[in-house]
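J.: After the structure tokens below, expect a handful of questions from me.
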Amino acid sequence: MSQKRRVTADEHLLDTRHSEEWKQKASWRVMKIQAEFVEGFDTLEAAELGDAIGVYGSARTPVDSEEYKLGIELGAKLGEAGFSVITGGGPGAMEAANRGAAEAGVKSVGLGIELPFEQGINPYVDIQLDFHYFFVRKVMFLKYSCGFCALPGGFGTMDELFESLTLVQTQKVGKFPIALIGTDYWGGLVDWLRKSMLGNGMINPADVDLLLVTDDLDEAVEHMKKAE
């Protein structure tokens with residue numbers, strides 16, 4: 001039986017048709033957005049996360065894969081170093097990182113997002129927030145994380161990666177170390193950044209150096225400590 005597709009709040013907000021119904025409800029949507037910010041700030045301030053690292057990666061990572069095991073180990077090593085762990089709260093690599101954090105005894109946060117098809121929060125999250133709007137969720141990630149680790153992932157992971165890189169490059173955030181885990185997976189992207197973006201003068205050499213690409217989780221964790 002096929003799963004019924006949900007029309008999300010983001011989809012309503014970004015609807016370009018500007019129907020009469022949309023106009024009538026626009027002010028209420030602003031209040032809903034404001035309420036999400038308030039709930040997010042209140043919940044995460046009360047959680048007293050301390051130094052936390054955002055971990056990103058694919059929801060499609062199989063539980064029996066090496067990438068999933070890597071995610072557990074990363075979450076555990078971050079926890080052992082004293083970091084809380086924040087993920088998107090979903091399955092796959094996100095679940096793995098939350099699992100490692102939970103097993104290390106540190107706070108394991110899941111910032112879920114409403115999607116057209118049900119995804120749900122993984123069982124290793126102990127602080128949960130569910131958002132209707134991607135941009136509100138992004139603010140929470142960047143407000144309450146002091147660094148970023150990316151396991152192999154898809155468009156969502158790339159979105160968060162380049163959002164973070166842009167904020168660091170433009171000095172909207174201060175020390176915010178970024179580590180990409182998996183040289184085979186991420187190496188081609190970094191090669192492209194150097195050859196195409198840097199080669200054509202679209203970025204500076206120092207911009208590429210904002211990324212650590214590694215297979216060594218201990219190196220990644222040490223890199224995160226630069227934010228402290």
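The values are calculated or read from the model by the stated rules, or taken from the named source; none is laboratory data. This structure is a prediction, so every number in the text was calculated from the model and none was measured. No Cβ is skipped: glycine too gets one built from the backbone with ideal geometry, and neighbour counts run over all protein chains shown. When the accessible area is computed, the model is the full protein with side chains, heavy atoms only, and any ligands, DNA or RNA have been set aside. Shrake-Rupley method; radii C 1.70, N 1.55, O 1.52, S 1.80 Å.
J.: Got a number for residues in region 66-105 being touching a strand residue (DSSP E or B) at 6+ places or on another chain (Cβ under 7 Å), part of a helix (DSSP H, G or I) and open to solvent by less than 30 Å² (accessible area, probe 1.4 Å)?
T.: Qualifying residue count, region 66-105: 8.
J.: What pairs come up if the first residue lies in region 81-98 and is farther than 14 Å from residue 148 by Cβ, the second is among the hydroxyl-bearing types (Ser, Thr, Tyr) and open to solvent by 10 Å² or more (accessible area, probe 1.4 Å), and their beta carbons are under 7 Å apart, counting only those six or more places apart or on different chains?
T.: That search, which allows pairs on different chains as well, returns 92/58; 92/61; 95/124; 96/61; 98/124.
J.: Which one of 21, 36, 45 is under 17 Å from residue 129 (Cβ atoms), open to solvent by 100 Å² or more (accessible area, probe 1.4 Å) and either assigned to a helix (DSSP H, G or I) or modelled with pLDDT under 95 (or both)?
T.: Working: 21 fails: under 17 Å from residue 129 (Cβ atoms); 36 fails: open to solvent by 100 Å² or more (accessible area, probe 1.4 Å).
After ruling out the rest, the residue left standing is 45.
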